[in-house]
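Comments concern the structure below.
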Amino acid sequence: MKINHLAMLMALMATTVFSQEAKAQEVTVYTTAQNSKLRLSKTDKLSFSKAIQPVETEISVFVEPKKKFQEFIGIGGAITDASAEVFATLSKKKQKELLNAYYDKDKGIGYTLLRTTIHSSDFGSGSHTYIEEGDADLKTFSIDKDKKLRIPMIKRATQVAGGTLMLYVSPWSPPAFMKSNKSMLKGGKLLPEFNQSWANYYAKFIKAYEAEGMPIWGLSVQNEPMATQTWESCLYTAEEERDFVKNYLGPTLEKEGLGDKNLIVWDHNRDLMNQRANVIYSDPEAAKYVWGLGFHWYETWAGGEPMYNNVGKVNEAYPDKKLMFTEGCNEKFDAAKYQYWPNAERYGASMIHDFNNGTVGWTDWNILLDQNGGPNHVGNFCFAPIHADTRTGELIYTPSYYYIGHFSKFIRLEAKRISTAVSRSHIISTTFQNKNGEMVTVVMNKSDEPINYNLIVSEKQTKVTIPARAIQTLIY
């Protein structure tokens, strides 16, 4: 029998093209929902059809792949002294489980960035620095304390993440003798005579960590520079931060061969971020050292809604500078509220709005705390996405962990944000396109009713149902 090889080849090619086209038409849906067992669960496999004009009575999510925006640099959380102290109490099995849960992109939610502190913050058993009190020349500088618990945990997290994490660092306070109030706690200011010594301190810290095999991607100037806290804190006006960057920190990093480190200013709430950007970025000699502006979400302490629009206003005014969410957590810990759903919804709403306003990376606060929301040496107990009960050795996963995972597990490094809009305020949404062309749309429903909506991507669409109080990731 004569075989027509050309016909067979053409048939095979047609089958392959059909298979690729069919795959391109598929939409895989992952869902987390209140009052259900759905936790990052694969809930549907849908197909696209040709888009038709939606009507006003329908709810739709509109995605336009031709319109691309900022490049994604990662999602992660902070390994603090508190996280490391709690981690050290866990069994080897539970330690492995925690690291996989955060840093393994297949077994967990694929964190790719990490924040840690320059010496102590409130989250830890006590205050400490890396020098002896009064040592302005930094002759006694040593990170030996961090080598006991914190650095080993960071190294293990990096290993589970595949050998690379984008690590950046932030100080809460200079040593007490360098400050106007002679205390690391309760605000105070950096005394002018210690400007250079404090700038040298950052450089010493970065070099010490890098000598341990932990490359530092960047640093912020000061955590929350407008807050007098009961814990480690230090105040800078916008002009003071500008001048410290321009005259001391920026030049010192360059002199020490650290000019490639990405310097973040502000590192505080959305409420005053525009004024801080205006003052620092309007000075070319300061702005040249600055990669971008970091921000937190705690402006809601005064009541009202989160100031998401301020993020977009900074992005609009200074498109050449980056925006990074550097810290957020749910405050006022209460063990009865481990599964309190609005805590998770705060994460989902913040991430969607912050990304839609130009944010390139998003960082949670402590990745792990104990059953008391600590340790915290001034009693500022808070929630983390995962808690460990040190009495039983068990891990407690909160809904916040899964809400974060709807972003971090699927959006990969160097993805580009894609134009996304919704037709009703019942839902919110954002979209990224990974480098391999895969689209990732996240949709969140904060209402008490399930919602049927159209996902309309350019000229194709599919119909989706999202449960009440739920978040979905759609991959296509």
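Nothing in this text is a laboratory measurement; each read-out follows from the coordinates by a stated rule. Here the structure is a predicted model, which is why all the values come from computation and not from measurement. Positions of Cβ are backbone-derived with ideal geometry, glycine not excepted, and every protein chain shown enters the neighbour counts.
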Footprinting proxy, ASP137, ASP122, ASP243: sorted fewest to most Cβ within 10 Å, the residues are ASP137, ASP243, ASP122
Expressed as a whole-number percentage, the relative contact order of the chain with C-alpha contacts under 8 angstrom and at least six residues apart is 22
Dividing the helical contributions, -39500 (n - 2.57) per DSSP H run of n ≥ 4, by the residues of the chain yields a 222 nm value, nearest 500 deg cm²/dmol, of -8500 deg cm²/dmol
Mean shadow area (nm²) of the C-alpha convex hull around the chain is 27.3
For LYS92, the aspartates and glutamates lying under 13 Å Cα to Cα, once residues fewer than eight places off in the same chain are dropped, come out as GLU394
Per its Cα gyration tensor (rounded if a/c is under 1.5, else prolate when a/b beats b/c, else oblate), region 331-476 is best filed as prolate
Taking 33-40, 212-219 and ranking on average Cβ neighbours within 10 Å, highest first, one gets 212-219, 33-40
Low-density loop trypsin sites (Lys or Arg not before Pro), region 137-168, at most 14 other Cβ within 10 Å, DSSP non-H/G/I/E/B, are LYS139
Taking region 107-228, the equivalent ellipsoid from its C-alpha gyration tensor has semi-axes in Å, biggest first, of 27, 15, 13
Of the listed pairs LYS94/LYS186; LYS255/LYS313; LYS189/LYS288; LYS147/LYS337; LYS66/LYS446, those with alpha carbons more than 32 Å apart are LYS94/LYS186; LYS255/LYS313; LYS147/LYS337
Of all DSSP beta bridges with both partners in the chain, the antiparallel percent, nearest 5, is 55
Per-residue Cβ contact counts at 10 Å, fewest first, order ILE151, ILE466 as ILE151, ILE466
Sparse-neighbourhood loop hits (GluC sites (Glu not before Pro), region 299-355; DSSP loop; Cβ within 10 Å at most 16 others) -> GLU331
Any DSSP H helix in the chain with Cα axial reach of 20 Å or more and mean Kyte-Doolittle score of at least -0.5? Listed by number, the hits are 5-24
Exposure-ranked with fewest Cβ neighbours within 10 Å first, LYS107, LYS92 stand as LYS92, LYS107
